[in-house]
Amino acid sequence: MQKLLRLLVLTFAIIGFTLPAFGVAEAAKVAVLPIVTNEDEENSAVSRRVWNEVCMEQFKFPDFDMVDDSDLTIVLNEVNYNNVAKSGVNEALMRQVMEKTNADIGVMLVMSEIALEPVASITNEDIYRFTQKGRIMLVNKISGQVKTNRIDEMDEMNYALTVRGDFIHDQLRNTIVRELKRVTKAK
C-alpha cells in the first residue's frame, strides 16, 4: 500500500512539473521597422531611440521575439528602405521585409511632420503650436490583419511648458504609445 502511494505521488509530481511546459506557445517574431521623420539628423536619432524604447516596452520577450537589428539592417538595405519609406507606410514593403526576416508581425511608423512653432497671439502670451502628422501600420501574418492609423494632432500650449526637457520627443513618445496600443488592440 505504501509503495502504491509513493508511486501515485511520484506520478502526480512528474505530471505537475511537465504539464506547464506543454502549454507554452512559441513567441511571435516582430519586425520593428525604423521610424521615418522629417527631422534633422540629431533629432531623427532621438526619435529612433524613442520609437525603439516604446516598441521594446510594447513587444516584451515572453510573448514576442524581436528581429535582430543586424538582420533587419541587411534586409532594409536590400529593399532600399530609406528611399521607399519616405513616401509613407507601405504594406508591400512591410510584407517583403517580414518575408525576408521570417517575422510574424511588422510595425512601421512614418511621421511626415513633427513641428513646434510660435503662433501669433492677440494677447501677450507666448503660444506655441505642436503639430504631429503621420501614419502607423501593423501587419499581422498570423491573423491576416493589416491595421493603419493616421496621426494628425495639433496642440497649442504656453511656451513655458515647451522649454523644459525634450518636449517634442516626450510628446512623440506619448503619441507612439497611444498609437501602438490602438493598432495592436485585438478586436
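The values are calculated or read from the model by the stated rules, or taken from the named source; none is laboratory data. Being a predicted model, the structure only gives us computed values, none of them experimental. Ideal geometry is used to build each Cβ from the backbone, glycine not excepted, and the neighbour counts take in all protein chains shown. Side chains included, ligands, DNA and RNA excluded: accessible areas come from the protein's heavy atoms. Shrake-Rupley method; radii C 1.70, N 1.55, O 1.52, S 1.80 Å.
Summary table
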{"item": "Qualifying strands (runs of 3 or more DSSP E) (wholly inside segment 93-187; at least 1 residues being crowded, with 20+ Cβ neighbours inside 10 Å and either of a type in the set (Ser, Thr, Tyr) or touching a Leu at 6+ places or on another chain (Cβ under 6 Å) (or both))", "result": "105-119, 127-140"}
{"item": "Matching residues, segment 44-68, being touching a helix residue (DSSP H, G or I) at 6+ places or on another chain (Cβ under 9 Å) and over 25 Å from residue 132 (Cα atoms)", "result": "64, 66, 67, 68"}
{"item": "Filtered residues of segment 69-89 (kept if in a loop (DSSP other than H, G, I, E, B) and without any contact (Cβ under 8 Å) to a residue 40 or more places away in the chain)", "result": "79, 80, 87"}
{"item": "Test: residue in segment 175-183 that is at pLDDT below 80 and over 16 Å from residue 48 (Cα atoms)", "result": "no"}
{"item": "Number of positions in segment 138-169 that are of a type in the set (Asp, Glu) and modelled with pLDDT under 85", "result": "1"}
{"item": "Residues satisfying the stated conditions in segment 72-92, i.e. open to solvent by 50 Å² or more (accessible area, probe 1.4 Å) and not charged (D, E, K, R)", "result": "73, 74, 77, 80, 82, 83, 87, 92"}
{"item": "Condition broken by residue 65, with the remaining ones in (1) open to solvent by less than 70 Å² (accessible area, probe 1.4 Å); (2) at pLDDT 85 or above; (3) over 23 Å from residue 172 (Cα atoms); (4) charged (D, E, K, R) satisfied", "result": "(2)"}
{"item": "Filter result for residue 27 (farther than 30 Å from residue 167 by Cβ, in contact with a Pro (Cβ under 9 Å, 6 or more places away or on another chain), small (Gly, Ala, Ser) and open to solvent by less than 80 Å² (accessible area, probe 1.4 Å))", "result": "yes"}
{"item": "Sole exception among (1) more than 25 Å from residue 66 (Cα to Cα); (2) within 15 Å of the chain's Cα centre (by Cα) for residue 108, by number", "result": "(1)"}
